[in-house]
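J.: Before I ask anything, let me first share the structure, which is written out below as structure tokens.
No lab work stands behind these numbers, since they all come straight from the coordinates. Because the structure is a prediction, the values reported are computed rather than measured. Cβ: placed from backbone, ideal geometry, glycine included. Neighbour counts: every protein chain shown.
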Amino acid sequence: MLERLGWDALWQTARAAADATLALDPVRVAAEHRGAYHAVGDGGVGWVELTGRAFHRAADKRELPTVGDWLLVERWQQAIGGNGAAIIRHVLPRRSLLVRRAAGEATAPQPLAANVDVAIVMTSANGDLSPARLDRYLGLVRDAGIAPVLVLSKVDLVADPAVGIAALHAVGGDAPVIAASTVAGIGIAEIRAFAGAGKTAVLLGSSGVGKSSLLNAVASTAQEIQPIRDDDRGQHTTTRRELFVTPDGLWIDTPGMRELAQWIDEGGAPEIFDDIAELAVSCRFRDCKHRDEPGCAVRGHVAADRLANFHKLAGEQVVAVANQLTARRIAETRKAKAKRYPKSRKQP
């Protein structure tokens, strides 16, 4: 069973390093439920949860379990038998972590999925295609070290999908591009081949692009889907991230994200525009911004709209880091002030 979940010799080594006695059971997080988790392992599916101490000691959500994580737990047999929850003792070191900045917050990272091999980034052919949004998704994926695949869905709804396919190639660089239709059965086998036994794929894209429908087609998960609305846009269906185990690999479905911003660690810069970075090596000036500098090797060799997206996201990166630092310093100042000037207790 563990091999179907992606377990291999390297995970076994990590398990032995964390638990030399091998007394704890390895399980994989399948879904999150506000502090508790559904996990799958030998014997079936069961509830698992952190101790209160482990939860409160976490600096941020990246130190808590997320969908796709491998855990070592105790009381697993009781959990799969319906007798309470297993207790999480270790989260094994991740091979990849897909994380964004939490919606509406400047300093909170939000993990989306862990230990993912390939990300299926979807956009629909019937009106959803936005190169700028795709750049953001590719930034998230590549920053996590995950291989991206771009999928143009619902190609049965347009007369000629070639324009959309060309746009995806322009944005994705070397990333594979697949035209797909769950209604017509187009592209399903090609997408399924990117996962495979023991590998984990995550589906990403805006609400209504057809992630759940695609999951039903490639993995036979029988996810709930909604009909196309009158304006041709799909309807939001998925409300949580969830791992599905199938004979053709493991698939993580995700809700559409209304806000999409990369989490940027101070001192780190994501590699979103590989094509621009490669051309920039030949610029005359090392700090060329690719605007009006002489000897720029990027201008004229990259589409104008793509270069505009580069400048926009580069500016957002600087602003994001500045906001994160500012919010963190404010929080630290308030915390220090609270320690120096504690509120006096009321006398009885």
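J.: Just grab the label-to-label distance for L157 and E293, each label 7 Å out from Cα along the Cβ direction, in nm (one decimal).
T.: Calculated label separation equals 4.3 nm.
J.: Right, next: May I ask you to sort I120, I146 by Cβ crowding, counting other Cβ atoms within 10 Å and putting the fewest first?
T.: I146, I120
J.: Let me ask something additional. Please give the length that would be gained between E74 and L22 if that part of the chain were fully extended, namely 0.36 nm times their separation in residues minus their C-alpha to C-alpha distance (nm, one decimal).
T.: Answer, rounded to one decimal: 17.6 nm.
J.: Can I ask one more? To the nearest 0.05, what FRET efficiency results for R284 and R62 with a Förster distance of 35 Å applied to their C-beta separation?
T.: Efficiency computed from Cβ-Cβ geometry: 0.30.
J.: From the phi angles alone, apply the Karplus equation (6.51, -1.76, 1.60; θ = phi - 60°) to the range 79-85 and give each ³J(HN,Hα) in whole Hz, x where the residue is Gly or Pro.
T.: In residue order, the calculated couplings are 5, 6, x, x, 9, x, 9 Hz.
J.: Write down the Kirkwood hydrodynamic radius of the range 2-91, to one decimal in angstroms, obtained as one divided by the mean of 1/r over all alpha carbon pairs.
T.: 13.1 Å
J.: Please list the non-local residues whose amide H lies under 5 Å from the amide H of I178, H modeled 1.01 Å from N, same-chain partners needing a gap of 5 or more.
T.: For I178, the qualifying residues are L150, V151, L152.
J.: Tell me, what HN-Hα J-couplings in whole Hz come from the Karplus equation 6.51 cos²θ - 1.76 cosθ + 1.60 at θ = phi - 60° for each residue of the range 181-191, using x for Gly and Pro?
T.: Ordered by residue, 3J(HN,Hα) equals 8, 6, 5, 8, x, 8, x, 5, 5, 5, 5 Hz.
J.: In the range 1-67, which trypsin sites (Lys or Arg not before Pro) are in a loop and have at most 10 other Cβ atoms within 10 Å, using DSSP for the loop call?
T.: Of the trypsin sites (Lys or Arg not before Pro), the ones in loops of the range 1-67 whose Cβ has at most 10 other Cβ atoms within 10 Å are R34.
J.: Okay, next question. By how many nm would the segment from D8 to A308 lengthen if fully extended, with 0.36 nm per residue of separation less the alpha-carbon distance?
T.: 103.6 nm
J.: Which order, highest average first, do 73-85, 206-218 follow once you tally other Cβ atoms within 10 Å for each residue and take the mean per peptide?
T.: Highest mean packing first, the order is 206-218, 73-85.
J.: Can you give me the long-range amide H partners of D60? Hydrogens built in the peptide plane at 1.01 Å from N, cutoff under 5 Å, separation of 5 or more residues or another chain.
T.: none
J.: Can you work out ³J(HN,Hα) from phi for every residue in the range 15-29, in order, using Karplus 6.51 cos²θ - 1.76 cosθ + 1.60 and θ = phi - 60°, giving whole Hz and x for Gly and Pro?
T.: 4, 5, 5, 8, 9, 4, 7, 6, 7, 8, 8, x, 9, 10, 5
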